[in-house]
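The values are calculated or read from the model by the stated rules, or taken from the named source; none is laboratory data. Worth saying up front: this structure is predicted, and the values here are computed from it rather than measured. Counting neighbours? That spans all protein chains shown, and the Cβs are built from the backbone with ideal geometry, glycine included. Ligands, DNA and RNA are excluded from the accessible area calculation, which covers all protein heavy atoms including side chains. Shrake-Rupley method; radii C 1.70, N 1.55, O 1.52, S 1.80 Å.
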Amino acid sequence: MPQIKIRGIQANEVCKISEKMVDELVEVVKCPRDYFEIECIQSVAIRNGQIEEVYPFIEIAWFDRGQETQDKVAKIITDSIRDGLNVESLDLAFTTFEKEKYYENAEHF
């Protein structure tokens, strides 16, 4: 169920690294491959009244899996994007869902 939301990197570029990256994430997170969703969000950056390139930003929304796992996931995603797509710098942040506040078909976890 980890949702990986990517801004500032084209979807066709993410496709190039997605399979290997998810293979590595499956091993660390210990959940089925089909639980992972990668979403490429098209956005526009405006600075000083000008349209500029969007800085790469990745958000992982998931249920807490502990600091050690979170650190490993951050490294896998960062390394996959930096090495596989020659992205020099990017930011990454985690959003943690609370089970009693997350609903699937009107029922919380």
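Looking at region 14-30 only, could you name the residues that are part of a helix (DSSP H, G or I), open to solvent by 60 Å² or more (accessible area, probe 1.4 Å), over 25 Å from Val54 (Cα atoms) and without any contact (Cβ under 8 Å) to a residue 12 or more places away in the chain?
Asp23, Glu27
Being on the phi < 0 side of the Ramachandran plot and buried (at least 17 other Cβ atoms within 10 Å of the Cβ): is that true of Phe94 here?
The answer is no for Phe94.
Filter region 4-13 down to residues that are touching a helix residue (DSSP H, G or I) at 6+ places or on another chain (Cβ under 8 Å) and under 21 Å from Trp62 (Cβ atoms) and give me whichever is surrounded by the fewest Cβ atoms within 10 Å (Cβ to Cβ).
Selected residue: Ile9.
Since Asn86 meets every condition but one in (1) under 22 Å from Asn12 (Cβ atoms); (2) surrounded by 13 or more Cβ atoms within 10 Å (Cβ to Cβ), which condition does it not meet?
Condition (2) is where Asn86 drops out.
Give the number of residues within region 31-81 that are under 14 Å from Ile9 (Cβ atoms), of a type outside the set (Ser, Thr, Tyr) and either touching a helix residue (DSSP H, G or I) at 6+ places or on another chain (Cβ under 7 Å) or open to solvent by less than 60 Å² (accessible area, probe 1.4 Å) (or both).
Qualifying residue count for the region: 10.
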